[in-house]
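The values are calculated or read from the model by the stated rules, or taken from the named source; none is laboratory data. Just so we're clear, the structure is a prediction, and the values are computed from it rather than from any experiment. A quick note on method: Cβ atoms are made from the backbone with ideal geometry, for glycine too, and the neighbour counts reach across all protein chains shown.
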Amino acid sequence: MIPSPKWYRPRSPRIPTNPNTQQPLYYDTHKLPGLLSEVYAPSLEIDYTSILGGTPLTVTRTAWVDEVGTLLSNFASTQHVTS
């Protein structure tokens, strides 16, 4: 076995992620399991009332990710730009 250089440090097994950047990445790469495990809480309140009127929707993350998957399947590709 070749010894590692003295300056070598192994990567952390888990680098923290930010849900605000992971969500659009997972949408664009269609990695729906990542939305379930890293982005969304078990229960979500979806509020588009300022745009669509009506009342906010409370839904489970699984139901929402199913909806997102259905929506994304209608597109050949998507691109969300964050800054």
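Being surrounded by 12 or more Cβ atoms within 10 Å (Cβ to Cβ), in contact with a helix residue (DSSP H, G or I) (Cβ under 8 Å, 6 or more places away or on another chain) and in a helix (DSSP H, G or I) is true for just one of Leu44, Leu36. Which residue is that?
Just one listed residue meets the conditions, Leu36.
Which of the residues belonging to region 47-83 are within 20 Å of Asn18 (Cβ to Cβ), in a loop (DSSP other than H, G, I, E, B) and of a type in the set (A, V, I, L, M, F, W, C)?
Matches in region 47-83: Val81 only.
Pick out the one residue from Thr62, Thr58 that is over 15 Å from the mean Cα position of the chain (by Cα), at pLDDT 90 or above and surrounded by 10 or more Cβ atoms within 10 Å (Cβ to Cβ).
Thr58
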